[in-house]
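So the structure is just underneath, and the comments pick up after that.
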């Protein structure tokens, strides 16, 4: 596992906010799409990578800087002036202070969500392994994520549909949210992913919590995975299928439990995963 302290954040670049818009309704948690312009000759990135946001201090406990990673939610595209625009998907967060017991605003998320068009900020990176798109357009793609874990998949899907040739393999996206309004790129405010649903090979399966008012942990993803477990298992057994998994540790844990049951044993599922990893057909982007 990589820790923030292991990353070199000494080399920074400046980015300018060109757009910040809320993509969830007012009655659910605030998530914003924040577009940044970066005009630096050395900055390039690939799908699945992150940038580091450097939040200026002072901060609690005498820290003068706060550093946080965010996954880029857009495919690389260079502007006419050679600058690059990137998009971040940011949920405004809060946490309970372990000493006072009071709710406090998350430092990085609130900093980003409060930025206005024209503001500048300091970034570093990119960091992390990219989600590599197979060269063969006959490849099947299985994508699984929840919450802001959908960010790299949005970038991935954009990249696929920027390519001039038609993608002939199957594309299956499984995505979970606590409510329909929290489906970040397919709700009443933002229907971004609808741009791709008319593709014959692209299917998206959305799960929502059956009791969103009772549990903060239930995002509905395990429900939709259980309902489609047999189809997922059959797709994974095809030798041209690549798996992409993004989100929290619980996303990976729930998926593993469901597939172990579907495969018939923990050992058989483990063997399948190891084989796919050896063949370069398994990619993970898991947040702690």
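Do the conditions hold for residue 44, that is, is it farther than 25 Å from residue 156 by Cβ, surrounded by fewer than 16 Cβ atoms within 10 Å (Cβ to Cβ) and at pLDDT 80 or above? For residue 44, the condition - farther than 25 Å from residue 156 by Cβ, surrounded by fewer than 16 Cβ atoms within 10 Å (Cβ to Cβ) and at pLDDT 80 or above - is not met. Considering 141, 133, 123, the condition of being buried (at least 21 other Cβ atoms within 10 Å of the Cβ) and within 17 Å of the chain's Cα centre (by Cα) is satisfied by 141 alone. Quick check: is even one residue across the range 249-271 in a strand (DSSP E or B) and under 22 Å from residue 170 (Cβ atoms)? No, the range 249-271 contains no residue that is in a strand (DSSP E or B) and under 22 Å from residue 170 (Cβ atoms). Scanning the range 47-55 turns up no residue that is surrounded by fewer than 18 Cβ atoms within 10 Å (Cβ to Cβ) and either at pLDDT below 80 or assigned to a loop (DSSP other than H, G, I, E, B) (or both). Evaluated against (1) surrounded by 23 or more Cβ atoms within 10 Å (Cβ to Cβ); (2) at pLDDT below 75, residue 155 falls short on exactly one condition, (2).
The values are calculated or read from the model by the stated rules, or taken from the named source; none is laboratory data. Not measured: the values here are computed from a predicted model. Neighbour counts run over all protein chains shown; Cβ positions are idealised from the backbone, glycine included.
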